[in-house]
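Taking it in order: structure first as structure tokens, then the write-up.
The values are calculated or read from the model by the stated rules, or taken from the named source; none is laboratory data. Quick caveat: nothing in here was measured; it's all calculated off a predicted structure. Note that each Cβ is placed from the backbone with ideal geometry, even for glycine, and that neighbours are counted across all protein chains shown. Note: areas computed on protein heavy atoms with side chains; ligands, DNA, RNA excluded. Shrake-Rupley method; radii C 1.70, N 1.55, O 1.52, S 1.80 Å.
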Amino acid sequence: MKIGKRFLKITGIILGVLFLIAYFAFSTLLFTPHESDWEHDVSALIPRQVDFYVSKANLIRSFDGFPMLAIREEIQKTAAWAAFDGSPEQQALYQEQGIEAAIDEINAIQEQIPLGFTLLDLFGGEDLAIAGEFEGRVIGDSQWAVYGRVGLMGKLSVSMLSYPGIIGLDAQGISVEAKSDTHWLLSGGQMARPIHVARHKDVVLITTSDFYVTEVERLALAGGMDSVYLSGDYNDHVQRNADGTEVEVIVNLLEYFRTFPNAEQWPDPKSDRFAMAFLGRMIQVASCKNLMGRVRMKNGWDVKLHGEFTSEKMTDFQKVLYRSDSFDQDDVMRHVARITPDDATMMMYVHGPVEDLLREALASAEPALRSNLDDAFRSTGRWRNLNELVEEIGDTVYDRMALIVRPNDYGPVEATIQGTQEAMSPETDGAPVFAYTIILWTKGATAETNINGIRDTIGNHPDKFGLKGGVPDDDGYYIYGLAGMDAREFWSPFVPGTGLMITLLDDENRLFISNHPDMLKDMIQGRKRRLSDLPEFQTRLNSGLVASNLLVWFKPQTGRATMRQMGQQAIDLEIRGGVDWTSRRAREENEVLPTLFPGKNRNQLSGSEESSFQDTVDIRLQEWFDEFKEQQRPVLMARTERDLEYLNAMTSVLLGLKLDPKSFDLSLQVRVPLTD
């Protein structure tokens, strides 16, 4: 027994000495195994003067075997993914961004990691942040830094940079210079520029500049003072919730546009598309100094952003618009949601100077349209130009308006001819359209006189505004009572889809302008359930901004059928617009002339021959286009169906925007359930 006890004692001493030797060797050559973790958020090691910052906590929860998303199976079951998978859009995206190659490269790297660890196990499995400063001619020239929390294997991997031969860096032509026990500089190989790798406790830093390494050391000693984490902007507008489901974002837009002055202007106020041009006049990204906030990704997206404006780049219109009074959630429910049908595809409510909004809308329209409108209104003798009409409207209504859009499932408009009681309908172009209603709030008795004057002026000049009634010699201007209120209709084949516009001034001093009388009846007579009664809308509204200048509710699924029909029509226009008709006609003429009139040149044709020649070319062109259209339509229609599936994936969208001359707040809630 004595010998056995002595043997065990000696063995224990030897093992203890070996453990101490191994521990001190490991600590000396690599790192101290029991060192504490960084006790604050990763952002406490990032200097607050960075130009951009993006961070996400608990990354490992987002993946099920990196780089595969944890929710990939749910995504793959949706109709939207079925439409996207294998589509030209997916192929283009994967090719342009190199996604498949990147996944293959990640998997190849992970195969070299021992013990079955993944990259997230080694780096960034808990917190990951990217920050930097804009530099150079393109954004790729910028200085950047990646910060991530690591575990034991991550610390070991970084510490092994002191032994580049062992981990195979020498064989790749990469040289490693040890700046300190926790800081290495890598260069050579296929690296575009030298990279610094450093570690502070359990936080690893990979960066293009040693400035960020020095800042980590300084901020660690200062307990995070002067860091992103302790900045006022971060705590007021960015700091994420405790469960780590949000992405934090800070961008210095002023510095971005100063560094890259040739960056594309967005939205473009000179765009050929009306919506883009009008939006570009309302707001410019280049007029924002910074943008900060967070994005929550759970059953969709919940975006909360705050930004500040720079007055030097704001237009006079924007300065006026941003001073408009905001509205609260009760205002939305009381003035708009309670008269909006619950199946509305879109509802928009805005507080802003209607006169200025109209002026900017006209400036965004095609010059020919502006000129035609100016000629029409000036020719009535009531106004010297279109600007006078805009001023009169501005004096008549308050600075707020609403737009409500729903499917046009009402059918053709029918009316009765006075006297004969025969049915008549307005002439239409048959185009598929949504039913919509615009609401303006008027300024009382004087406003009623102005509105009636405007309506009468238009109605009494049918030839100048293209009005056409349901029977011959009828001017298409009808005045009647609807629910005891003054309604007036303007019939014109130039109004897409329905062939008419109806206006109604109610006893609450609201002016309704709609393209279908049945929608107006639904709204003022309460024939449909209201948006204010819809629980989903109430929940989204209560989760959004307390006060806004603009609120948009979008429920794409209710408008899918109409959007499909409009998409089909747009395809025909797209196909026709994509043809070089001048070249095509010249080609047909060159083929027809020698066949129809052998041996003759165009200048030798008589009048009747020229007419016959042109008729033949027209027929050939139409035959060619019909065949060409049938070839192109399936491809374009498939693209339209995919776009509809992407929209259909969203059950609802609520956008809120609060503006003032110095800053703005934006809330965007997009509901995307991952089950069909």
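I'd like to check something: does the range 249-257 contain any residue that is open to solvent by 20 Å² or more (accessible area, probe 1.4 Å), in contact (Cβ under 8 Å) with a residue 12 or more places away in the chain and either in contact with a Gly (Cβ under 7 Å, 6 or more places away or on another chain) or among the acidic types (Asp, Glu) (or both)?
Yes, because at least one residue in the range 249-257 is open to solvent by 20 Å² or more (accessible area, probe 1.4 Å), in contact (Cβ under 8 Å) with a residue 12 or more places away in the chain and either in contact with a Gly (Cβ under 7 Å, 6 or more places away or on another chain) or among the acidic types (Asp, Glu) (or both).
Among the listed residues Gly567, Gly577, which satisfies the condition of being of a type outside the set (Asp, Glu) and in contact (Cβ under 8 Å) with a residue 40 or more places away in the chain?
Gly567
Conditions (1) surrounded by 14 or more Cβ atoms within 10 Å (Cβ to Cβ); (2) at pLDDT 90 or above; (3) on the phi < 0 side of the Ramachandran plot, marked per residue:
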residue	(1), (2), (3)
Gly577	no, no, yes
Ala586	no, yes, yes
Leu593	yes, yes, yes
Phe597	yes, yes, yes
Ser612	yes, yes, yes
Val617	yes, yes, yes
Leu621	yes, yes, yes
Trp624	yes, yes, yes
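Could you check Pro412 against (1) open to solvent by 80 Å² or more (accessible area, probe 1.4 Å); (2) over 41 Å from the mean Cα position of the chain (by Cα) and say which number it fails?
Pro412 satisfies all of (1) open to solvent by 80 Å² or more (accessible area, probe 1.4 Å); (2) over 41 Å from the mean Cα position of the chain (by Cα) except (2).
Can you tell me which residue within the range 340-352, out of those that are more than 21 Å from the chain's Cα centre (by Cα) and open to solvent by 10 Å² or more (accessible area, probe 1.4 Å), is nearest to Asp409 (Cα to Cα)?
Asp343
Considering only the range 599-606, I want to know if a residue exists there that is assigned to a helix (DSSP H, G or I), open to solvent by less than 70 Å² (accessible area, probe 1.4 Å) and more than 23 Å from Gln90 (Cβ to Cβ).
Looking through the range 599-606, none of the residues is assigned to a helix (DSSP H, G or I), open to solvent by less than 70 Å² (accessible area, probe 1.4 Å) and more than 23 Å from Gln90 (Cβ to Cβ).
Look at the range 364-388 and say how many of its residues are open to solvent by 40 Å² or more (accessible area, probe 1.4 Å) and aliphatic (A, V, I, L, M).
3
Can you find a residue that is of a type outside the set (Ser, Thr, Tyr) and part of a helix (DSSP H, G or I) anywhere in the range 650-666?
no
Give me the pairs: first residue in the range 395-416 and more than 16 Å from Thr340 (Cα to Cα) and without any contact (Cβ under 8 Å) to a residue 24 or more places away in the chain, second residue buried (at least 16 other Cβ atoms within 10 Å of the Cβ) and of a type in the set (Ser, Thr, Tyr), beta-carbon distance under 6 Å, and six or more apart or on different chains, which are they?
Cβ pairs passing all conditions: none.
Taking the range 30-70, which residues are over 20 Å from Arg294 (Cβ atoms), open to solvent by 20 Å² or more (accessible area, probe 1.4 Å) and modelled with pLDDT of 70 or more?
Residues satisfying the conditions are Glu35, Ser36, Asp37, Glu39, Gln49.
Taking the range 651-676 only, how many residues are at pLDDT below 90 and either under 17 Å from Arg560 (Cα atoms) or of a type in the set (D, E, K, R) (or both)?
Number of matching residues: 2.
Mind listing just one residue for me: the one in the range 143-168 that is open to solvent by 20 Å² or more (accessible area, probe 1.4 Å) and assigned to a loop (DSSP other than H, G, I, E, B) and, of those, modelled with the lowest pLDDT?
Checking each candidate, the answer is Ile167.
What about Lys555, is it surrounded by 20 or more Cβ atoms within 10 Å (Cβ to Cβ) and among the charged types (D, E, K, R)?
Against the criterion (surrounded by 20 or more Cβ atoms within 10 Å (Cβ to Cβ) and among the charged types (D, E, K, R)), Lys555 qualifies.
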